[in-house]
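Novice: Quick one: this structure, given as structure tokens, is what I'll be asking you about.
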Amino acid sequence: AALALDNGLARTPPMGWLHWERFLCSTDCAADPRRCVSEQLFVEMADRMAAEGWRDAGYEFICIDDCWMAPTRDEQGRLRADPGRFPGGIRRLADYVHSKGLKLGIYSDVGNKTCAGFPGSYNYYDLDAQTFASWGVDLLKFDGCNSDSLELLAEGYRRMSLALNRTGRSIVYSCEWPFYLRPVQQPNYTEIKQYCNHWRNFYDVYDSWSSIKSIIDWTALHQDTIVKIAGPGGWNDPDMALVIGNFGLSWDQSVTQMAMWAIMAAPLFMSNDLRHISPEAKCLLQNKEVIAINQDPLGKQGYQLIKDKNFQLWERPLSGRAYAVAVLNQQEIGGPQNFTFSLTFLGNGLACNPACSIQQVLPASRDWGVYSWISTLSVEVNPTGTVLLKV
């Protein structure tokens with residue numbers, strides 16, 4: 001089993017773009033060619049990622065989610081792409097993506113059918129792994145719909161992990177395993193990390209503040225069981241889609257998602273339309289200081305230190321004895337509020353002992369100067385916004 005994580009991948013949280021949430025299961029290319037899940041969509045996104053700084057910022061994967069397949073397997077039992085929407089097949093698309101210096105991700109399901117009703121991988125784990133490797137796929141997102149029992153679900157996740165390794169190709173393995181276990185039993189994260197590079201814990205992210213808030217709250221509620229397992233090679237996925245640049249989040253809420261996903265050491269996969277994105281959203285998503293926190297090589301996930309009526313205080317240990325600190329204002333009414341706390345709270349009292357420099361990263365970069373161990377810090381935060389600091 002340990003061989004599964006000896007793929008040497010995901011030493012930091014993976015970064016990229018995927019078509020789910022923004023493009024869902026849109027398959028009618030005649031009616032809506034710009035939004036259809038098709039070869040054209042991924043080629044256009046790959047072009048933007050290479051030309052407009054996304055790849056250089058660290059977003060290296062371009063990921064196909066559900067609804068890419070033909071309704072049935074071919075005569076040899078192999079999965080195939082829908083021939084109308086992917087006329088060149090996945091191999092040609094992978095070659096194109098690789099030519100742009102990017103990597104291609106694909107989607108399948110542990111059960112008989114995918115969540116959208118396309119062919120699943122049950123009883124085809126080895127064949128599907130070999131097929132993906134032959135196409136040049138670099139990441140597999142493996143969903144958990146339509147599995148007949150928890151035993152078959154777990155067996156399927158284990159078998160696909162080992163099948164991917166047997167191909168000899170480096171393929172990042174993204175699991176939904178704990179999400180499907182949780183309604184019935186507590187996931188064994190030690191076992192899951194033996195097989196998966198990252199694993200989803202919570203519901204699909206929506207383009208809304210209530211969705212982002214619920215993910216942050218769930219992560220804080222369960223941090224005692226999930227934070228300690230995260231690290232190089234295996235990461236908690238709070239549902240990876242960054243919905244920044246879409247329609248549902250205000251500017252402050254966008255800042256909150258970016259800051260908190262960095263604190264949580266989450267995979268950073270955008271789901272937006274890179275052909276139509278505001279300069280502000282692009283600047284936030286490509287912010288080098290925030291990405292450096294997310295990608296910190298120490299690989300420790302952050303956690304909530306304090307929660308009071310309106311505020312949450314989070315910290316994440318970083319390499320070089322530094323800490324990332326997030327102050328989140330949960331209030332959804334009124335104006336900016338101040339949160340004041342002692343620096344002795346940070347790093348078990350060690351983060352600022354005997355002194356420390358503080359740099360504000362978000363919502364804008366600003367040097368706050370040097371503070372002593374016994375100083376208090378007062379941070380003004382907009383409603384539903386976050387101030388991200390590096391100490």
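The values are calculated or read from the model by the stated rules, or taken from the named source; none is laboratory data. All values derive from a computational prediction rather than experimental measurement. Ideal geometry is used to build each Cβ from the backbone, glycine not excepted, and the neighbour counts take in all protein chains shown. Heads up: the accessible areas ignore ligands, DNA and RNA and are worked out on the full protein's heavy atoms, side chains in. Shrake-Rupley method; radii C 1.70, N 1.55, O 1.52, S 1.80 Å.
Novice: Can you pull the one-decimal nm distance between simple spin-label points at Thr167 and Gln185, each 7 Å off the Cα toward Cβ?
Specialist: With each label placed 7 Å out from Cα toward Cβ, I get 2.9 nm.
Novice: Shifting gears a bit: Every cysteine in the chain with no other Cys Cβ under 4.7 Å from its Cβ, please list them in numeric order.
Specialist: Result for the chain is Cys63, Cys283, no neighbouring Cys Cβ within the cutoff.
Novice: Beta carbons within 10 angstrom, averaged per residue: use that to sort the peptides 228-241, 318-331, highest first.
Specialist: Going from most to least packed, we get 228-241, 318-331.
Novice: Right, something else. Please turn the phi angles of region 153-170 into ³J(HN,Hα) values with the Karplus equation 6.51 cos²θ - 1.76 cosθ + 1.60 (θ = phi - 60°), one per residue in order, whole Hz, x for glycine and proline.
Specialist: 4, 5, 4, x, 5, 5, 5, 5, 4, 5, 5, 4, 5, 5, 5, x, 9, 6
Novice: Taking H as built 1.01 Å from N, whose amide H comes closer than 5 Å to the amide H of Cys63, not counting residues under 5 places away?
Specialist: Trp17, Leu18, His19, Gly105
Novice: Rounded to the nearest 0.05, what FRET efficiency do Ala70 and Asp224 give with R0 = 35 Å and r taken as the Cβ-Cβ distance? Could you check?
Specialist: 0.20
Novice: If the cut-off is a Cα-Cα distance under 23 Å, which lysines reach Lys390, setting aside same-chain residues fewer than 8 apart in sequence?
Specialist: Of all the lysines, those that pass the test against Lys390 - Cα under 23 Å, at least 8 places apart if same chain - are Lys213, Lys228, Lys282, Lys288, Lys300, Lys307.
Novice: So what's the back-of-envelope 222 nm ellipticity for the chain, counting only DSSP H runs of four-plus at -39500 (n - 2.57) apiece and dividing by all residues, rounded to 500?
Specialist: Roughly -8000 deg cm²/dmol at 222 nm, from the helical runs in the chain.
Novice: Taking H placed 1.01 Å from N in the peptide plane, check which residues at least 5 places from Asn201 or on another chain put their amide H under 5 Å from its amide H.
Specialist: Those lying under 5 Å, H to H, from Asn201 are Asp237, Asp239.
Novice: Further question: So for Asp204, Asp367, what's the accessible-area order with a 1.4 Å probe, most first?
Specialist: Asp367, Asp204
Novice: Can you spot the lysines whose alpha carbon is less than 21 Å from Lys113's alpha carbon? Ignore those fewer than 8 places along the same chain.
Specialist: Output for Lys113: Lys141.
Novice: Further, regarding this structure: Could you run the Karplus curve 6.51 cos²θ - 1.76 cosθ + 1.60 with θ = phi - 60° over region 43-55 and give me ³J(HN,Hα) per residue in whole Hz, x for Gly and Pro?
Specialist: Computed from phi, the couplings for region 43-55 are 5, 5, 5, 4, 4, 5, 4, 6, 8, 10, x, 5, 4 Hz.
Novice: Further question on the same structure: At 0.692 mPa s and 37 °C, plugging the Kirkwood radius over alpha-carbon pairs of the chain into Stokes-Einstein gives what diffusion coefficient in µm²/s?
Specialist: Answer, rounded: 153 µm²/s.
Novice: Distance between the C-alpha centers of region 31-101 and region 190-209? Whole Å please.
Specialist: Spelled out, the Cα-based centre of one part sits 23 Å from the other.
Novice: Past the 13 angstrom mark, what percentage of all C-alpha to C-alpha distances in region 156-213 do you count?
Specialist: Values: 1068 of 1653 pairs.
That fraction is 65 percent.
Novice: Considering the alpha-carbon set of region 1-133 alone, what are its Rg and its Dmax in angstrom?
Specialist: Here Rg and the maximum Cα pair distance are 15.3, 48 Å.
Novice: Still on this structure, I have one more. Expressed as a whole percentage, what fraction of the accessible surface of the chain belongs to carbon and sulfur atoms when a 1.4 Å probe is rolled over the protein heavy atoms?
Specialist: That fraction is 51 percent.
Novice: What FRET efficiency would be calculated for the residue pair Arg35, Asn338, taking the C-beta separation as r and a Förster radius of 56 Å, to the nearest 0.05? List each step's numbers first, then the result.
Specialist: Details: r = 43 Å, r/R0 = 0.77.
Plugging the Cβ-Cβ distance into 1/(1 + (r/R0)^6) gives 0.80.
Novice: Could I ask something else about it? Give the Cα extents of region 303-390 along the principal axes, in whole Å, largest first.
Specialist: 38, 24, 22
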